[in-house]
Amino acid sequence: MSAAAPGTSKAAHGEAGPKKKKGPGALATAYLVIYNVVMTAGWLVIAVGLVRAYLARGSYHGLYYSIEKPLKFFQTGAVLEILHCAVGIVPSSVVLTGFQVMSRVFLTWAVTHSVREVQSEDSVLLFVTAWTITEIIRYSFYTFSLLNHLPYLIKWARYTFFIVLYPMGVTGELLTIYAALPYVQKTGLYSVTLPNKYNFSFDYYTFLILVMVSYIPLFPQLYFHMIRQRKKVLGHTEDYSKIE
Amino acid sequence: MKHYEVEILDAKTKDKLCFLDKVEPNATIGEIKSMFHKSHPQWYPARQSIRLDPKGKSLKDEDVLQQLPVGTTATFYFRDLGAQISWVTVFLTEYTGPLVIYLLFYFRVPFIYTPKYDFTTSKHWVVHLACMCHSFHYVKRLLETLFVHRFSHGTMPLRNIFKNCTYYWGFAAWMAYYINHPLYTPPIYGEQQIRLALIVFLFCQIGNFSIHIALRNLRPPGSKTRKIPYPTKNPFTWIFLLVSCPNYTYELGSWLGFTLMTQCLPVAFFTLVGFIQMTVWAKGKHRSYLKEFRDYPPLRSPILPFVL
């Protein structure tokens, strides 16, 4: 559930104050640069794909199909970021990163992919667009940070675009889940009923509703965390010279 | 006798919070905490962390002033640990919940299942057995809390009670819902499975209790001493040869038994989550033992013999 992944990465804080933490080793840095470059490229492909499809069709409708495969590939690839935290080459919380990535993966596979009927919904375009812009900025931010040459523009974009993109993404996500509900209820998708030998039941329809409800406490927390980060990171631009 | 002067500073802001003069050299940290409490009534001793260094470890209540590396004007740093609640209170609350909640489902109290099943009982005898085992388990825990355990710390942070109760009460409700459900399916291998499960469960309950008693006997009443636990005459304690925290080993065994008995996936989840948490605790305890005792038996593993 994130149009803009909250800046838990300490690489983001590094520019605001003296660097206290030792970075990852040389090999890890090289790997991470490659990873972030590839991800930036991937989301650029998705962006271009969306624009071209729009120009070709002349409408916003059904653009999902034109970028379905790269979206699935690159969004799922983000699971590696959890590993990066677990191994320690990225100084972020495994739990927080895990939560972020898995919520995106959940929306991509367990909602959009699994419930065909929502794929033509405009809400899908809403969150895909938000994710695409966010990720292009985020991954280029990480790339430049790792290379110690972070253009102020990228830093500014990372900590400013979310103001619009985050609510936009969340709206798209919620509308998509909501659109999926009737089909899930009708088909009993991913649901298990009693009796069965494991004495377990799961109602995916109720689960989706709970997921939607969980946005209420979670979204404001994440959003205001980013706002606070913005004040901290961008608020110091009068004190420190632009890093270039 | 030369008296000490004690000043207490806030560990974060370094503000002078309290100045005590004419403090006896043999005063303990506990006594100093009481004195500090007088000038700051909102910070009762249990929520005070007093240390020599702002970022250092908390001093113990038993530490004596003149034995600490301080001059005759001692400077201590204070951190507020937040509202505290006693361990006994937390344990009693978190264990009474599952006991009561499970019974609500067992007796099929209204608003849980379809109305036609209200106040009916299951036709499967394993369901009655499971209720007895679950209830026995939590009654045992309550009695141990009241009469057996000797706690190192009197209190824990208040927010823990909400966290812990959500965990215990939540899982108890989830398990109990399925085991006592009108559409419950008894174990595939029937009586054999249930009998084996019951034996495992009872064996591990006795084992767990034996370990609690052995640990209690290591520590004289009212003391907080720490000693290496060793096997006693009770065969259930011989597992100390291989494991540092056999209480957790037996606890895992009990829940594996209960999972087998009920053949219920939520019970398996509860067992898994509990196992993960207990492993974290066991590894911590094992590390403390190794740090504190040079002669700690090398053959022991934290929770699973040779494996973990």
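The values are calculated or read from the model by the stated rules, or taken from the named source; none is laboratory data. Remember, predicted model here, so these are calculated numbers, not experimental data. As a convention, Cβ positions derive from the backbone with ideal geometry for all residues, glycine included, and neighbour counts pool all protein chains shown. Ligands, DNA and RNA are stripped out before the accessible areas are found, and what is left, the full protein with its side chains, is counted by its heavy atoms. Shrake-Rupley method; radii C 1.70, N 1.55, O 1.52, S 1.80 Å.
Just wondering, is there one or more residues in region A:233-242 that are away from chain B (no Cβ under 14 Å), in a helix (DSSP H, G or I) and touching a residue at least 24 places away in the same chain (Cβ under 8 Å)? There is at least one residue in region A:233-242 that is away from chain B (no Cβ under 14 Å), in a helix (DSSP H, G or I) and touching a residue at least 24 places away in the same chain (Cβ under 8 Å). Scanning region A:200-224 for residues that are surrounded by fewer than 15 Cβ atoms within 10 Å (Cβ to Cβ), hydroxyl-bearing (S, T, Y) and farther than 13 Å from A:S103 by Cα yields one hit, A:T206.
Flag: A:E121 does not match the condition of being surrounded by fewer than 18 Cβ atoms within 10 Å (Cβ to Cβ) and either within 30 Å of A:Q185 (Cα to Cα) or within 11 Å of the chain's Cα centre (by Cα) (or both).
Applying the set (1) open to solvent by less than 30 Å² (accessible area, probe 1.4 Å); (2) touching a helix residue (DSSP H, G or I) at 6+ places or on another chain (Cβ under 7 Å); (3) under 23 Å from A:V105 (Cα atoms); (4) at pLDDT below 95 to A:E15 leaves exactly one unmet item: (3).
If the condition is being among the small types (G, A, S) and modelled with pLDDT under 90, then region B:131-178 contributes B:S152, B:G154. Cβ-Cβ contacts under 8 Å between residues 6 or more apart (or on different chains), taken from a first residue in region B:184-202 that is in the same structural domain as B:L265 (by the TED database) to a second residue that is among the hydroxyl-bearing types (S, T, Y) and assigned to a loop (DSSP other than H, G, I, E, B), are listed as B:Y184/B:S122. Just so you know, in region B:174-218 the residues that are within 21 Å of B:A268 (Cβ to Cβ), among the polar types (S, T, N, Q) and crowded, with 19+ Cβ neighbours inside 10 Å include one that is farthest from the other protein chains (Cβ to nearest Cβ), and it is B:N208. Being surrounded by 13 or more Cβ atoms within 10 Å (Cβ to Cβ), closer than 20 Å to B:V273 by Cα and more than 14 Å from chain A (Cβ to nearest Cβ): is that true of B:W169 here? Considered against the rule, which asks whether it is surrounded by 13 or more Cβ atoms within 10 Å (Cβ to Cβ), closer than 20 Å to B:V273 by Cα and more than 14 Å from chain A (Cβ to nearest Cβ), B:W169 comes out as yes.
Mind listing whichever residues of region B:145-183 are polar (S, T, N, Q), over 28 Å from B:P220 (Cα atoms) and in a loop (DSSP other than H, G, I, E, B)? Passing the criteria: only B:N180. None of A:T76, A:T132 is out of contact with any strand residue (DSSP E or B) (no Cβ under 9 Å at 6 or more places or on another chain), part of a helix (DSSP H, G or I) and open to solvent by 20 Å² or more (accessible area, probe 1.4 Å) except A:T76. Count of region A:173-228 residues, restricted to those that are part of a loop (DSSP other than H, G, I, E, B) and either away from every other protein chain (no Cβ under 14 Å) or among the small types (G, A, S) (or both), is 5. Report, by residue number, each residue of region B:77-113 that is aromatic (F, W, Y), under 30 Å from B:H124 (Cα atoms) and touching a helix residue (DSSP H, G or I) at 6+ places or on another chain (Cβ under 6 Å). Scanning region B:77-113 gives B:Y95, B:Y102, B:F105, B:Y106. Of all residue pairs spaced 6 or more apart or on separate chains, those with beta-carbon atoms under 8 Å, a first member in region B:252-263 that is away from chain A (no Cβ under 14 Å) and a second member that is of a type in the set (S, T, N, Q) are B:L252/B:T271; B:S254/B:Q205; B:S254/B:N208; B:W255/B:T271; B:L256/B:T271. Within region B:265-299, restricting attention to residues that are among the aliphatic types (A, V, I, L, M) and under 26 Å from A:V192 (Cα atoms), the residue that is most open to solvent (accessible area, probe 1.4 Å) is B:L272. Report, by residue number, each residue of region A:50-73 that is more than 18 Å from A:T112 (Cα to Cα) and surrounded by 15 or more Cβ atoms within 10 Å (Cβ to Cβ). Scanning region A:50-73 gives A:A53, A:Y54.
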